[in-house]
Amino acid sequence: MRGPHARDQQMSRDQRATPRNSRSVSPGSASRLAQVHRDIALSSLRRMLSTPGSSLMTTFVIAVSLLLPALLFGLNSNLNAVLREFQDNARITLYLEEGVTNSRGLEVSESLLTGTDISTAVYISADQALSDFSAAVGLENLTQELTTNPLPAAIVLTPNNAAPAAVAALAERLQAIPEVSLIQVDSVWLQRLEAISSLIDVIGRALMAIVVLGLFFIVGNTIKLAIENRKDEIRVIKLVGGTDIFIARPFLYTGLYFGLAGGMLACLLQAIVLIAFNFSLRELIQLYESSFELRGFDIGNALLLILLGAAIGWTAALLASLRHIRAINP
Amino acid sequence: MIKFDSVSKRYLDRHEALSAISFEISKGEMAFISGHSGAGKSTLLKLILAIEKPSTGQLVVNGVNVGRISRRQIAAHRRQIGTVFQDHQLLYDRSVFDNVALPLEICGYHRQEAGRRVRAALDKVGLLSKERSYPEALSGGEQQRVGIARAVVNRPCIILADEPTGNLDPDLSAEVMRVFEQFKSVGVCLLVASHDASLIQRLNYRTLILHEGRLCEDRMPGTSR
Ligand SMILES: Nc1ncnc2c1ncn2[C@@H]1O[C@H](COP(=O)(O)OP(=O)(O)O)[C@@H](O)[C@H]1O
Ligand SMILES: [Mg+2]
């Protein structure tokens, strides 16, 4: 053992390196703090990997929880893509009253183009409608067999604004034209699709809220068990003056890792699901002559999912660790 | 530095472990607390560390009213105090080095950075060669000395020791007491609980004698029986 003199030398050398009052103040430069955190981060990771079975299980549960709302939102963005594609060819058909002459019909048709909300208007006379129809059904001589033409004349419009609400408003306005007897809007089913889409959106949000809550419990419980396992250690650290947040740091990393890993696994599972669906959907899509392809997996969404997982993991760990560490008294 | 003003401590079972204790210890003073087993020595140290709160009376340590201390202040309060615990309170999954480095780590030092101070502390208790060992591989006396190194490593202004020589042979006990005396000489306030009458007698410091929770004698140095 050293004598007091040796100790004093030691002390003064130390004092030069760190100020005397560094006892209670953290003597942290940024690089030192980074070094400290790197060490905590690594040891937390090592701890997680030392129990691969339960760590993997927790990660998997987090991933599946995140996957469900992610898939719903993915489905919805696909539905919206379908809507957009079909909206471009929304059509309104105006059936004219029986007594309206061809010249009056043309006049009405041309007058519609003076506004800004209609991009094309095509007048179809009753005769042309009948011949088109018979050509379409393959009964060329239908025109001769019928003594009177049962079909009305019509005007086919393409609206400039194809959004279902705008189309509906336009249709209502057109109803006021005296020559018009009936209006048919092709986009009624699009409106239904849009309603379904917003319903899915609401369900997705509600599910997300439930999942976030559930994840808080899952991660919180995992952290609680980890704290329980290190109770003696925590007690000792408290005895020598460690703050709750000092003790919590490794657990925050644990929560962050679980969130990150869960988010990444969720992305992977989502990609697998989408690829599998795209494969079986390709045939169906070809039937509809659509250029449509399932989307929902892009880098932005993947990053968002991982970020969400990480944020939930970290926050849940913070809440759980502070609560459970506080409960431990020496 | 430490001021007890008619402090009593009653545990939940209504047993009074300490009754109306009053004394004061100043900066650079060293004192023993002696008394039979169950006299209340450990309880007295626990009050100073804010592990327990006084039931009545006022206890001021280093300007802090410990009876009124808030949860948040406790950690900072304990960092001012180096404590040698009766049951060592070491971390068994960390090396001797890391155990001693813990108080510095809490203050924000990186372990490697703290190395010089940790080795100096281990050197003082004669355990420099064991820095890589784990506490389980050490004898009771060695573990106790690791605890002493940890208590002094951050140069606290108060050192509390609960039976620090309980597992040590007379030679090592004398060495440990010499380490404490070094700290006393640089102005640290020391309070050592011990029932080792011969050690106390040999060293001739102020001695507070507890009997069934009462302070029955406050013997100043230089006065002998
Ligand atoms: N946590 C506790 N709860 C209840 N009684 C306690 C507790 N700690 C100590 N005691 C009692 O207080 C008295 C003093 O104990 P202690 O301070 O440990 O004595 P010493 O350290 O002098 O041997 C003893 O009678 C003991 O049983
Ligand atoms: Mg005791």
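Interface residues of the stretch A:233-264, defined as those with an accessible-area decrease of at least 50 Å² between the chain by itself and the complete set of protein chains (probe 1.4 Å), are A:Glu233, A:Val236, A:Leu239, A:Val240, A:Gly241, A:Phe246.
Beyond 29 Å in Cα-Cα separation lie the following of the pairs A:Lys231/B:Lys53; A:Lys238/B:Lys184; B:Lys3/B:Lys130: B:Lys3/B:Lys130. Within the protein assembly as shown, antiparallel bridges make up roughly 65 percent of the DSSP beta bridges whose residues both belong there. Here the stretch A:91-186 has 55 percent of its accessible surface on carbon and sulfur atoms, given a 1.4 Å probe and all protein chains in place.
Compute the distance from the alpha-carbon center of the stretch B:125-190 to that of the stretch A:314-330, in whole Å. The distance from the Cα centre of the stretch B:125-190 to that of the stretch A:314-330 comes to 32 Å. Taking Cα atoms of chain B, Rg/Rh with Kirkwood Rh, to two decimals? Reported Rg/Rh (Cα atoms, Kirkwood Rh): 0.96. Can you give the percent of C-alpha pairs in the stretch A:91-186 whose distance is more than 23 Å? Here the tail beyond 23 Å accounts for 29 percent of pairs.
Rolled with a 1.4 Å probe across the full set of protein chains, the surface gives A:Phe60 an accessible area near 110 Å².
When chains A and B come together, the accessible area they lose, probed at 1.4 Å and totalled over both chains, is close to 3700 Å².
With each label modelled as a point 7 angstrom along the Cα→C-beta vector, the A:Thr51-A:Val156 pair spans 6.9 nm. Distance between the modelled labels on A:Ala30 and A:Leu42, one decimal in nanometres: 2.2 nm (7 Å Cα→Cβ projection). Solvent exposure of the stretch B:92-154, expressed per residue, is 34 Å² of accessible area, with all protein chains present and a 1.4 angstrom probe. Between B:Met220 and B:Ser70, the FRET efficiency estimated from the beta carbon spacing at R0 = 35 angstrom works out to 0.45.
Computing FRET efficiency as 1/(1 + (r/R0)^6) for A:Glu98 and A:Glu145, where r is the C-beta to C-beta distance and R0 is 22 Å, gives about 0.60.
Computed over the stretch B:92-154, the convex hull of the alpha-carbon atoms projects to a mean area of 3.6 nm².
The residues of the stretch A:91-186 have, on average, 58 Å² of accessible surface per residue, using a 1.4 Å probe with all protein chains present.
Between the beta carbons of B:Arg132 and A:Ala195, assuming R0 = 60 Å, the FRET efficiency works out to 0.30 to the nearest 0.05. Between A:Arg235 and A:Leu130, the modelled label-to-label distance comes to 10.0 nm, taking each label 7 Å out from Cα in the direction of the beta carbon. The distance from the alpha carbon centre of the stretch A:157-234 to that of the stretch A:48-78 is 22 Å, rounded to a whole number. Accessible surface for B:Ser129 stands near 110 Å², nearest 10, in the context of the full protein assembly shown (1.4 Å probe).
The values are calculated or read from the model by the stated rules, or taken from the named source; none is laboratory data. Everything quoted here is computed from the prediction, not taken from an experiment. Cβ atoms come from the backbone with ideal geometry, glycine included; neighbour counts cover every protein chain shown. The area values use the complete protein model at the heavy-atom level, side chains included, leaving out ligands, DNA and RNA. Shrake-Rupley method; radii C 1.70, N 1.55, O 1.52, S 1.80 Å.
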